[in-house]
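The values are calculated or read from the model by the stated rules, or taken from the named source; none is laboratory data. Just so it is clear, the model here is predicted, and its values are computed rather than measured. Glycine gets a Cβ as well: all are built from the backbone with ideal geometry, and neighbour counts include every protein chain shown. These accessible areas exclude ligands, DNA and RNA; they are computed on the full protein's heavy atoms, side chains included. Shrake-Rupley method; radii C 1.70, N 1.55, O 1.52, S 1.80 Å.
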Amino acid sequence: MLQKNDVAPDFTLFATPNQKITLSEIKGKNVILAFYPADWSPVCSDQMALYNEMLKYFKKYDAEIFGISVDSKWCHMAFSQSRNLHFPLLADFEPKGETSNKYGVYNKEEGECNRALFVIDKEGIIQWSYLSPMAVNPGADGILEALEKL
Amino acid sequence: MSLKPAVNKTDHIQGKKNAKIVIVEYGDYQCPYCGAAYPILKEMMKKYGERIQFIFRNFPLSEMHKYARSAAIVAEAAALQGKFWEMHDAIYENQEYLSETFLLELAEKLELDPHQLNIDIKKSELASKVDSDFESGVLSGVNGTPSFFVNGRKFNAGADDLMQLMSEIVK
């Protein structure tokens, strides 16, 4: 798993059925990447619901959050609509888990990514990363502390 | 994970003053898990309320629960008329009927001054109180509701386990 001071690997992933997001094109913003195992599973849903409430706090730190899982763009769309999410979920779907793998958080046995958080600064350097136990929602205190330190 | 800030005079507190055991709940009035925890916590306070203290802080997931924030604001407004816990209990006891109109009906049942309530629910201080509770929850490591803290430390289990713990440690 990538750590503090590693360069955040670039990626281009679907955020909606017809729109892709490229990390290196998000200029002048801090970025939070929240890798999570799967749409619809209970812990992930709580985790994404929590981040959904946190957007104004992230904004204070000039940060944008992206959820990433191996689910497809259509699955993300349905999940996002059902939970009323206001931030993008990226589909690490084809080749499956490629981005998760680059960040060292792909779980081959499960065919899902691990539950992992990264805070990336405006220069594209990872300033904080955290691997949470699969069944535990890591909350957002670590993210806020990391953003505070930037 | 520890509670930030510690329990203070802005909190809604019930039970024993200066108790050795202090429990804080971060809750959402529309959250079904908080609704399920409510009768257990009520029972816990009935049994141990003379020896422990219980605090409620707001953690509304308002994007997921349409009335969670309005309920939190109305409970804070009820607090200004000295009836926080009455409103808190009434909401959880009638969670399935929750709506903005229903909140006003509860206020009427609790004999709150409707004119004052109407002024208070629009006050930015109440919105700030709810926001600051939420922010303190996030900083304290709240990751969902209900989340409990025992003597300032996060208790990573539910109300049943909390009740069990009390039965073991409250003397």
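Could you tell me the ratio Rg/Rh of the stretch B:67-171? Both radii from Cα atoms, Rh via Kirkwood.
1.03
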Per-residue HN-Hα couplings for the stretch B:83-92 [Karplus 6.51, -1.76, 1.60; θ = phi - 60°; Hz; x = Gly/Pro]: 10, 4, 5, 4, 6, 3, 5, 4, 5, 5
DSSP-loop chymotrypsin sites (Phe, Trp or Tyr not before Pro) across the stretch A:7-93, with at most 11 other Cβ within 10 angstrom: none
Using alpha-carbon coordinates, inclination of helix B:32-48 to the longest axis of chain B, degrees: 60 degrees
Cys with no candidate disulfide partner in the protein assembly as shown (beta-carbon separation under 4.7 Å rule): A:CYS44, A:CYS75, A:CYS113
Gyration tensor over alpha-carbon atoms, chain A, equivalent ellipsoid semi-axes in Å: 20, 17, 16
Estimated 222 nm signal from helices in the protein assembly as shown, with DSSP H stretches of n ≥ 4 weighted -39500 (n - 2.57), rounded to 500: -12000 deg cm²/dmol
Under 18 Å from B:LYS47, Cα to Cα: lysines that are on another chain or at least 8 residues apart: B:LYS16, B:LYS17, B:LYS20, B:LYS171
Span from the the stretch B:54-118 Cα centroid across to the the stretch A:125-144 one, whole angstrom: 33 Å
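Which value, in debye to the nearest 20, describes the size of the charge dipole of the protein assembly as shown about its Cα centre when Lys and Arg Cβ atoms bear +1, Asp and Glu Cβ atoms bear -1, and nothing else is charged? Numbers along the way, then the final one.
Working: 35 positive and 44 negative charges, 159 e Å.
In debye, rounded to 20, the protein assembly as shown gives about 760.
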Mean separation of Cα contacts under 8 Å, 6 or more apart, over the residue count of the stretch B:12-169: relative contact order %: 33 percent
Beta bridges by DSSP in the protein assembly as shown, antiparallel share as percent, to the nearest 5: 65 percent
Dipole of the protein assembly as shown [Lys/Arg +1, Asp/Glu -1 at C-beta], most positive-end residue of A:ALA91, B:PRO146, B:GLY49: B:GLY49
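Students sometimes get this wrong: rank A:HIS76, A:HIS86 by accessible area, probe 1.4 Å, all chains present, largest first. Could you put the intermediate results ahead of the total?
On the way: A:HIS76 5, A:HIS86 105 Å².
Order by accessible area, largest first: A:HIS86, A:HIS76.
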Set of lysines near A:LYS73 by C-alpha distance (under 26 Å), chain-local residues within fewer than 8 positions excluded: A:LYS20, A:LYS27, A:LYS29, A:LYS56, A:LYS59, A:LYS96, A:LYS102, A:LYS108
Intensity falloff of the protein assembly as shown expressed as log10 I(q)/I(0), Debye formula with alpha-carbon point scatterers, at q = 0.11, 0.12 Å⁻¹: -0.74, -0.85
